[in-house]
Amino acid sequence: MHSFWAVFKRELKSYFTTPLAYVFLVIFLFFSGYLAFKQGFFEARQADMRAFFMNLPLLYVFMVPSTAMRLWAEERKTGSIELLLTLPITVTLAVLGKFFAAWIFLAIALALTFPMVITVCYLGQPDVGLIITGYLGSFLMAGGFLAIGCFFSTVSKNQVIAFVLSVVAAALLVFAGMPTTLDYLSTFLPAGLVSAIEAMSFRQHFESIQKGVLEFKDLAYFLLLIVGWIAASTIVLDERKAA
Amino acid sequence: MIEVKELRRSFGPVVAVDGISFAVEKGQVLGLLGPNGAGKTTAMRMLACFIRPDSGTASVAGFDILQKPVEVRRCIGYLAENSPAYGEMTVGGFLNFVCDARRINGGRRKAALDRIVPMCSIESVYHQTIDTLSKGYKRRLGLAQALIHDPQVLILDEPTDGLDPNQKHEVRRLINKMAKDKCIIVSTHILEEVEAVCSRTIIISQGRVLVDSTPEKLKQEYQCSLDEIFRKITRKRT
């Protein structure tokens, strides 16, 4: 387990010793705030963070793959994967170490949106429980996108390809749940299939958690998503590490 | 300490290693000699449990590479070709990471660093970023991370490749110093290195062991320089 912590610590530190973290954080914080205020935060005349959380799925579609793309693609390209995987560590622990480091980094990015919380608390009396579940949902969603990005990062040595593939996969999962898509699909697919597709999308589960309803099926969705894509990453990495 | 039995590995249609077998004991330095593409790196990677063999097996320090890869990696120090490292870390940070991963903490870590840093002559670059190091220093850092936990077995892939003559001498001196109580495998195509450092030689070509002998015996048998012996043996196959 100590090797897991070693990888985790190293990876998290490396985000902050290069400009990577700072560029990402500035862009993420700027856009999350900008989109929230632009999309009618004041017009809604309600002291809640709905306008803020509403935009996160779309923002994550582009921002999380940019964090995930370098997880393994860079290691394979520079050859440092040979160093990492000849230390006394299993492939699974190495994948998990890097994944959690990236996830904690995204949690830090979320935590740095606290001015938004302060603003809402100052302007009115928001339901704090909703804010907490909103952040929880965002954190889980970030983990989901990250797991997808991690997988595509193991698939390609080229970071750009990894990025593009992750964005497409993430976008598919987000847009599959959009009302317009579902309406279109229901014109030629049976209702059962349409609701199955809706259940596979991020939106439904994220919206539900954001509304303050913590249901097992939503938590399980994110957990299964993460476990599934991470397991797939481990398998692919094991096969391709020397290639 | 190292026993290799019929290791075989292909990459698609290319057979990289085609049934090699040998054994190395403590106190021996084995030189894996062969042309480029012979399968030396693949064989070493299998011993270091980086890739799995298609068939065959090996045991390192009593641990089977298929059953107990993590224990094997715990007992060996491995220096990969091109000595990879994390470019954005400093030398000190990197060595501390390796200590973290190899569970060398507290007083033991301080002692290990105090021993290794002068041994590999990297004191002057201890606080420098790895990206900015020259090839020689990167190689020495690679050696340092392979030696820091004082392993019983060392697997070094072309340890002096690209170093200047002084640095080559330093590395060979280091290997000779450690040869007495470790089991070392060195891959190289520098023939004078084989004479300087190795107590045994295996010549590999196209994934097969052609010769398993010592440098002296080979010279006696063929009555010419190692250069020509190498050419004779490896050319025979093509």
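Read the figures in this text as sums done on the coordinates, not as results from a lab. The model shown is predicted, which means the values in this text are computed figures rather than measured ones. Neighbour counts are summed over all protein chains in view; Cβ atoms, including those assigned to glycine, are modelled from backbone coordinates with ideal geometry.
Taking the 0 to 90 degree range and rounding to the nearest ten, how far is the long axis of helix B:135-147 tilted relative to the main principal axis of chain B, both from C-alpha atoms?
90 degrees
With runs of 4+ DSSP H residues as the only contributors, calculate the mean residue ellipticity of chain A at 222 nm using -39,500 (n - 2.57) per run, divided by the residue total and rounded to the nearest 500.
Here the helix-only value at 222 nm equals -26000 deg cm²/dmol.
By a straight-distance test (C-alpha under 16 Å), which lysines pair with residue A:157 as possible cross-link partners, with residues fewer than eight away in the same chain excluded?
The reachable lysines, counting only those whose Cα sits under 16 Å from residue A:157, are A:77, A:241.
Please give the per residue volume of the convex hull enclosing the alpha carbon atoms of segment A:58-155, rounded to a whole number of Å³.
105 Å³
Per residue of chain B, what 222 nm ellipticity follows from adding -39500 (n - 2.57) for every DSSP H run with n ≥ 4, rounded to the nearest 500?
-12000 deg cm²/dmol
What is the angle, in °, between the Cα long axis of helix A:191-200 and the longest principal axis of the Cα atoms in chain A? Nearest 10 is fine, range 0 to 90.
It works out to around 60 degrees.
Hey, with R₀ at 56 Å, roughly what FRET efficiency would residue B:14 and residue A:45 work out to, going by the Cβ-Cβ distance, to 0.05?
0.25
How many Cβ atoms of partner chains, on average, are near each residue of A:34-46 if near means within 10 Å of its Cβ?
The shielding value for this peptide is 0.
Enumerate the whole-percent occupancy of each 10 Å bin, from 0 to the last occupied one, for all C-alpha pair distances of chain B.
That works out to 8, 32, 36, 20, 5, 0, in percent per bin.
Picking from A:160, A:64, A:129, whose Cα lies most toward the positive end of the charge dipole for segment A:58-192 (charges on Cβ: Lys, Arg +1; Asp, Glu -1)?
Towards the positive end, the residue furthest out is A:160.
So for chain A, taking the charge dipole from beta-carbon charges (+1 Lys/Arg, -1 Asp/Glu), which of A:191, A:148, A:3 sits furthest toward the positive end?
With unit charges placed on the Cβ atoms, the residue in question is A:3.
Could you work out the relative contact order of chain A? I mean the mean sequence separation of Cα pairs under 8 Å and 6+ apart, divided by the number of residues, in percent.
27 percent
Please list the non-local residues whose amide H lies under 5 Å from the amide H of residue B:27, H modeled 1.01 Å from N, same-chain partners needing a gap of 5 or more.
Hits under the 5 Å cutoff: B:182, B:183, B:184.
On alpha-carbon atoms, Rg over Rh for segment A:2-240 using Kirkwood Rh?
0.99
How many angstrom separate the Cα center of segment A:44-92 from the Cα center of segment A:172-195?
So the separation of the two Cα centres works out to 27 Å.
In chain B, with Lys and Arg counted as +1 and Asp and Glu as -1 at Cβ, which of these residues, B:210, B:152, B:120, has the Cα nearest the positive end of the dipole, that is, farthest along it?
Ranked along the dipole, the leading option is B:152.
How large is the direction-averaged shadow of the alpha-carbon convex hull of segment A:123-243, in nm²?
Averaging across all directions leaves 10.0 nm² for the Cα convex hull.
Output the Kirkwood hydrodynamic radius of segment B:47-93, Cα pairs only, in Å rounded to one decimal.
Roughly 12.4 Å, rounded to one decimal.
For segment A:1-69, state which chymotrypsin sites (Phe, Trp or Tyr not before Pro) are in a DSSP loop and have at most 12 other beta carbons lying within 10 Å of their beta carbon.
The qualifying sites are A:42.
Report, ordered by chain and residue number, the aspartates and glutamates lying within cross-link reach of residue A:211, taken as a straight Cα distance under 12 Å and ignoring same-chain residues fewer than 8 apart.
Within the straight-line cut-off, residue A:211 pairs with A:48, A:127.
Given axes a ≥ b ≥ c from the Cα gyration tensor, I'd like to know whether segment B:14-88 is rounded (a/c under 1.5), prolate (a/b larger than b/c) or oblate.
Rounded is the answer for segment B:14-88, as its axis ratio a/c remains below 1.5.
Using the Cβ atoms and a cut-off under 12 Å, what net charge is assigned to the surroundings of residue B:63, where Lys and Arg are +1 and Asp and Glu are -1?
Neighbourhood net charge equals 0.
Taking the Cα atoms only, what angle lies between the long axis of helix A:114-123 and the longest principal axis of chain A, rounded to 10 degrees?
Helix A:114-123 sits roughly 10 degrees off the main axis of chain A.
What value does the protein assembly as shown have for Rg/Rh, both radii from Cα atoms and Rh as Kirkwood defines it?
Using only Cα positions, Rg/Rh for the protein assembly as shown is 1.08.
Taking the Cα centroid of segment A:150-171 and of segment B:19-77, what is the distance between the two, rounded to the nearest whole Å?
33 Å
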